[in-house]
Amino acid sequence: MKLSFSAEDERFRTEVADWLAANLTGEFAQLKFRGGPGDEHSFPDERKRWEQRLAEGGWTCVGWPKAHGGRGCSIEQQVIFFEEYARAGAPGRVGHIGEGLTGPTLIAFGTPEQQARYLPGILNGTELWCQGYSEPGAGSDLANVKTKARFDAEHNRWVINGQKVWTSLAHESDYCFVIARTDPDSVGHKGLGFFLVKMDQPGIEVRPIQQITGSSEFNEVFFDDAVCGAGDIVGAPGDGWKVAMGLLGFERGVSTLGQQMQFQNELDEVIRVAKENGKDRDPVIRQRIAKAHAELKIMRYNSLRMLSGQSGSDGSLQREALIYKLFWATWHRSLGELAIDVCGQQGQLLEAAPYALNRLQSLFLYVRSDTIYGGSNQIQRNIIAERGLEMPREPRWR
């Protein structure tokens with residue numbers, strides 16, 4: 001692990017912290033510690049304006065190359081930005097899919113025309129993206145997607161039919177990147193395409209999914225002869241799996257350190273409530289808090305190790321990255337269980353009707369999904385075994 005911070009990096013840290021302190025005021029003060037997991041439905045309009053405030057200050061896409069409008073920050077400075085952003089309690093980003101996934105993918109795999117068309121809107125905070133991966137029969141097993149894309153030569157466009165599910169913030173998004181089959185006879189990871197699709201068109205219907213938290217940031221998205229231009233496929237037909245796996249590599253990037261600062265904020269809240277209601281004197285609760293603290297430190301050190309290494313020449317993830325989702329999802333679920341136990345009987349009561357959850361109640365309910373979405377724990381263990389340890393593949397029945 002080689003990551004360390006220079007005097008220049010620490011000056012950058014001060015710059016970030018000072019800007020956030022000066023701007024999380026006025027209409028944005030109410031956004032502090034809001035809009036995170038389980039709370040993503042809160043203040044959607046204000047958080048969209050916050051994206052544009054970030055852009056005005058030059059704080060979107062800090063890790064993008066300067067040639068594409070970013071700051072070209074080093075890995076160390078990107079880590080600092082995400083840590084200070086979370087430490088300040090700045091709101092959950094509605095533009096994170098575009099900034100962290102779409103943009104880097106287009107920079108790595110897209111054409112100059114695609115970059116010129118789509119990167120400015122992400123950079124300016126004016127165009128939001130969502131992710132069209134999971135389907136009812138292809139959640140953790142992405143290679144099982146059934147959504148199809150056929151090329152309409154007469155109109156020089158792609159026509160997409162199928163369904164995606166668990167699409168975060170699809171109801172707020174302007175675009176969606178969609179994995180679909182360009183070869184209807186293909187199976188597994190072959191014959192896929194990676195498409196850039198405008199959401200506001202007659203062939204797309206978005207249906208919110210109400211969760212046990214009472215919120216609806218997830219959606220079903222139906223494609224019924226939805227279209228995108230001939231130039232809106234990233235790579236060639238059949239390259240979809242390669243592009244999708246490259247994108248997942250960006251998902252395991254420096255933003256993981258910011259995620260962990262959000263986890264620290266949640267753990268701090270658990271500790272605050274424990275001290276307030278006396279649960280901190282329970283030896284079992286104290287031990288569970290200590291365990292959560294120690295494992296969060298382990299998570300950080302593994303992330304630093306991930307960031308210090310290199311991906312494979314084919315864009316494949318290094319082994320340290322393969323274990324990350326399994327570790328954090330399991331840890332976060334346990335933190336939710338600890339949170340509700342710290343609340344005690346008070347945690348069983350709602351503050352107000354109809355469904356006013358406090359922070360820790362929402363945390364407990366939401367984290368039940370962490371070990372399912374983005375690849376369930378079972379799938380993550382298969383990935384570790386097959387890709388990381390090179391063990392025999394699990395039998396697949398067709």
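Miscellaneous remarks
- Taken across region 149-164, residues that are over 30 Å from TRP59 (Cα atoms) and among the aromatic types (Phe, Trp, Tyr) do occur, with at least one present.
Conditions (1) closer than 30 Å to PHE364 by Cβ; (2) of a type in the set (Ser, Thr, Tyr); (3) surrounded by 11 or more Cβ atoms within 10 Å (Cβ to Cβ), marked per residue:
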residue: PHE5; (1), (2), (3): no, no, yes
residue: ALA22; (1), (2), (3): no, no, no
residue: THR25; (1), (2), (3): no, yes, no
residue: PHE28; (1), (2), (3): yes, no, yes
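- ALA143 vs. criteria closer than 15 Å to PHE194 by Cα, surrounded by 22 or more Cβ atoms within 10 Å (Cβ to Cβ) and touching a strand residue (DSSP E or B) at 6+ places or on another chain (Cβ under 9 Å): no
- LEU326 modelled with pLDDT of 95 or more, over 20 Å from GLN211 (Cβ atoms) and buried (at least 17 other Cβ atoms within 10 Å of the Cβ): no
- Whichever residue in region 30-75 is polar (S, T, N, Q) and within 27 Å of GLU266 (Cα to Cα) and, among such residues, is surrounded by the fewest Cβ atoms within 10 Å (Cβ to Cβ): GLN30
- Cβ-Cβ contacts under 8 Å between residues 6 or more apart (or on different chains), taken from a first residue in region 2-21 that is among the aromatic types (Phe, Trp, Tyr) to a second residue that is modelled with pLDDT under 95 and outside any helix (DSSP H, G or I), are listed as PHE12/CYS73.
- Residues of region 197-252 that are acidic (Asp, Glu) and at negative phi: ASP200, GLU205, GLU217, GLU220, ASP224, ASP232, ASP239, GLU251.
- Among the residues of region 68-111, those that are assigned to a loop (DSSP other than H, G, I, E, B), small (Gly, Ala, Ser) and over 22 Å from SER42 (Cα atoms) comprise GLY69, GLY70, GLY72, SER74, GLY110.
The values are calculated or read from the model by the stated rules, or taken from the named source; none is laboratory data. Since this is a predicted model, take the numbers as computed values, not measurements. Glycine gets a Cβ as well: all are built from the backbone with ideal geometry, and neighbour counts include every protein chain shown.
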